[in-house]
Amino acid sequence: MKPNVIDKIVKNDLCIGCGVCAGVCPQRILKIQDNKYGEYVPYETQVCSSHCGLCLEVCPFNSDENETHMGAKIYGSIEGMKYLSKTGYYLGSYAGYSNDFRQSSASGGMTTWLLTELLKEDIIDYVICPISQKDSEKLFSFEVLSEENSVKAASGSVYYPVEMSEVIRRIQEIPGRYVITGLPCFIKALRLAARKNRKLRERIVFTVGLVCGQMKSKNYTKYIAALAGNNELNKIQNVYYRGKSPDKPATNYYYQFIDEHGSQNKIFWNEGVSETWVNRWFTPNSCNYCDDVFAELADVTFMDAWIPEYSKNSQGTNLVLVRSPKVLDIIQKGIEKAEINISKISVEKVIKSQAGVIEFKRKQLSYRLYLTKQKRLKAPEKRVNASKDIRILKKREIKLKEKMQEESKQLFLRCYQNNTLDIKTFRAGMHPYVKQMRQLRLLGKFALPIQIIKKINKLGERKNK
Ligand SMILES: Cc1cc2nc3c(=O)[nH]c(=O)nc-3n(C[C@H](O)[C@H](O)[C@H](O)COP(=O)(O)OP(=O)(O)OC[C@H]3O[C@@H](n4cnc5c(N)ncnc54)[C@H](O)[C@@H]3O)c2cc1C
Ligand code: SF4
Ligand code: SF4
């Protein structure tokens with residue numbers, strides 16, 4: 001009898017809640033719902049009787065086939081395709097923005113521009129992406145859109161759980177040409193599902209990826225809302241995660257929360273959002289085992305231009321990695337029509353823009369895999385091997401982040417009652433970890449010059465010999 005995703009993925013806390021398993025389940029017995037931490041996971045509405053194993057075959061955290069192999073099959077034979085282990089396959093790399101969508105979008109608005117262009121040019125019939133829902137318990141969900149205005153309304157980054165089970169079923173039921181936006185693990189799940197399901201294979205004609213450092217739970221949004229001054233968290237109807245201010249660099253964006261009476265609360269990245277993000281509070285455990293930075297299986301990947309020449313501009317700029325010749329062609333036409341202001345950029349700069357995410361998802365992943373083995377816990381197959389070969393201060397930082405990740409989830413539950421978060425108690429509980437992290441970073445600042453001096457001394461000794 002084959003196990004299913006509940007036995008193998010959910011029980012090992014390796015589920016990101018993409019919903020693809022539930023979307024393809026032939027018995028329709030898998031449903032997606034929140035766990036107590038505000039993360040989506042599947043559950044069985046009745047006992048699985050067929051044990052077909054399809055749910056496991058589409059799960060990105062079960063598949064033994066990595067993005068490099070899958071990418072080779074999808075893109076490897078396309079003329080002009082290049083490959084780097086950090087980025088996966090790519091045809092071209094760009095930096096720029098859309099003139100129309102930049103202001104209302106997360107970065108440069110290139111994603112919204114491409115999605116609307118695909119609709120306008122009759123290349124697709126439907127866009128599937130997350131859109132705001134005005135429901136405090138489900139602020140966003142994946143929807144099927146066919147109007148340019150709705151696609152524009154969906155622009156912005158969603159740092160909130162969204163799942164694909166319903167839209168996957170809808171694609172199977174209603175014929176058409178679909179494009180779907182997704183984080184790297186979601187795109188991998190779609191690619192795995194398309195292998196098994198002819199309708200998905202034929203109808204999903206484009207996949208649009210977003211670079212991803214980590215996902216966040218619903219409780220993350222509640223915490224940041226409380227930090228921004230919202231007392232009644234059940235009354236929040238709308239969140240915008242990427243507000244831009246003309247007097248601030250793109251990196252210091254703000255979150256905006258709107259409640260049912262229309263009152264608004266704002267909080268900037270440097271007012272406590274960055275502490276929560278960088279220290280990985282409220283991040284699902286599955287993100288600790290992710291090695292795909294650039295959504296390697298998507299036809300095109302968009303990201304923020306986190307390099308000094310662009311990030312100082314408050315309006316936001318995209319970097320883009322293209323894998324599909326058709327998308328390359330659409331971008332070329334967009335340049336000719338002067339709808340987008342975009343130019344080629346070296347792939348090295350694209351890699352540099354995500355240096356922190358690459359370090360976390362590759363180098364530090366080796367040590368996390370080593371720790372997981374030590375604890376005799378299950379981890380998915382990855383492209384890096386388990387290793388403890390990393391600097392001592394980094395080891396301590398990785399362990400401390402894992403502790404904070406877990407503690408933030410548990411402490412939230414202890415501090416949350418009647419739709420209100422006791423923010424003081426929560427922050428006091430997290431404070432010792434924050435303090436330790438500050439000390440570690442300070443030590444790191446001193447350790448680097450000492451290492452350099454040691455290296456110079458060694459070189460000197462060798463010369464003298
Ligand atoms: C959880 C998360 C983590 C990210 N981490 C990084 C990072 O570390 N580094 C980096 O450079 N960029 C990261 N990004 C991508 C970045 O935030 C922007 O989405 C990207 O630069 C595109 O900007 P844009 O202006 O072109 O998008 P927009 O024009 O605003 O369009 C974005 C489109 O993506 C869709 N979308 C938004 N959120 C999601 C989601 N969760 N799942 C599927 N579709 C979605 C929207 O519905 C919209 O259609 C992340 C995004 C998310 C959602
Ligand atoms: S397919 Fe997605 S929702 Fe299903 S178990 Fe795997 S990660 Fe979780
Ligand atoms: S970090 Fe990886 S596993 Fe987590 S949401 Fe992003 S792509 Fe998925």
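Points to keep in mind about this one:
- Positive-end residue of GLY76, PHE257, ILE390, charge dipole of the chain with Cβ unit charges: ILE390
- Here the relative contact order of the chain, from alpha carbon pairs under 8 Å that lie six or more residues apart, stands at 18 percent.
- Annotation for the range 28-121: GluC sites (Glu not before Pro) lying in DSSP loop with at most 16 further Cβ atoms inside 10 Å of their Cβ are GLU65, GLU79, GLU121.
- Sequence-separation-based contact order of the range 146-224, relative, with Cα cut under 8 Å and 6+ spacing, percent: 40
- Among the trypsin sites (Lys or Arg not before Pro) in the range 286-359, those placed in a DSSP loop whose Cβ has at most 16 other Cβ atoms within 10 Å are LYS312, LYS337.
- Annotation for ARG169 and VAL278: the two label points, set 7 Å from Cα along the Cα-Cβ direction, are 4.3 nm apart.
- Three-way shape label, the chain, alpha-carbon gyration tensor, a/c 1.5: rounded
- Of LYS82/LYS349; LYS248/LYS403; LYS216/LYS378, those spanning more than 25 Å from alpha-carbon to alpha-carbon: LYS248/LYS403
- The range 16-100: chymotrypsin sites (Phe, Trp or Tyr not before Pro) in DSSP loop, at most 10 other beta carbons within 10 Å: none
- A simple charge model with +1 on the Cβ of Lys and Arg, -1 on the Cβ of Asp and Glu and nothing else charged puts the dipole of the chain at about 2620 debye relative to its Cα centre.
- Simple label model, 7 Å out from Cα along Cβ direction - ASN385 to THR45, nm: 4.7
- Straightening the chain between LYS333 and LYS196 buys 45.9 nm, computed as 0.36 nm per residue apart minus the Cα-Cα spacing.
- Here the chain has 49 percent of its accessible surface on carbon and sulfur atoms, given a 1.4 Å probe and all protein chains in place.
- Computed [θ] at 222 nm, deg cm²/dmol, the chain (DSSP H ≥ 4; -39,500 (n - 2.57); rounded to nearest 500): -12000 deg cm²/dmol
- The range 400-432 and the range 235-310: distance between their alpha carbon centers, rounded to Å: 20
- Computed on the range 385-464, with alpha-carbon pairs under 8 angstrom and 6+ residues apart, the relative contact order is 30 percent.
- Leading residue at positive end of dipole, the chain (Cβ point charges), from ILE307, HIS51, GLY38: ILE307
- Annotation: per residue accessible area for the range 385-464 equals 74 Å², rounded to a whole number [probe 1.4 Å, protein chains only].
- Under 15 Å from a label point set 7 Å out along the Cα-to-Cβ vector of LYS326, the amide N atoms of the range 75-105 belong to 75.
- Alpha-carbon Debye profile of the range 385-464, log10 I(q)/I(0) at 0.11, 0.24 Å⁻¹: -0.49, -1.08
- Between the beta carbons of CYS52 and SER85, assuming R0 = 45 Å, the FRET efficiency works out to 0.85 to the nearest 0.05.
- Straightening the chain between ASN12 and ASN231 buys 75.4 nm, computed as 0.36 nm per residue apart minus the Cα-Cα spacing.
- Global form of the range 244-301, assessed from the alpha-carbon gyration tensor, a/c cut-off 1.5: prolate
- Note on SER346 and GLU461: with the Förster distance fixed at 35 Å, the Cβ-Cβ geometry gives a FRET efficiency of about 0.35.
- Cβ-derived FRET efficiency at R0 25 Å, LYS36 paired with LYS363, nearest 0.05: 0.15
- Full-extension gain in nm, LYS378 to LYS399, via 0.36 nm per residue minus C-alpha separation: 5.8 nm
The values are calculated or read from the model by the stated rules, or taken from the named source; none is laboratory data. Values in this document were obtained by computation on a predicted structure and should not be read as measured data. Please note: Cβ atoms are built from the backbone with ideal geometry, for glycine as well, and neighbour counts cover all protein chains shown. For accessibility, only protein heavy atoms count, side chains too; no ligands or nucleic acids. Shrake-Rupley method; radii C 1.70, N 1.55, O 1.52, S 1.80 Å.
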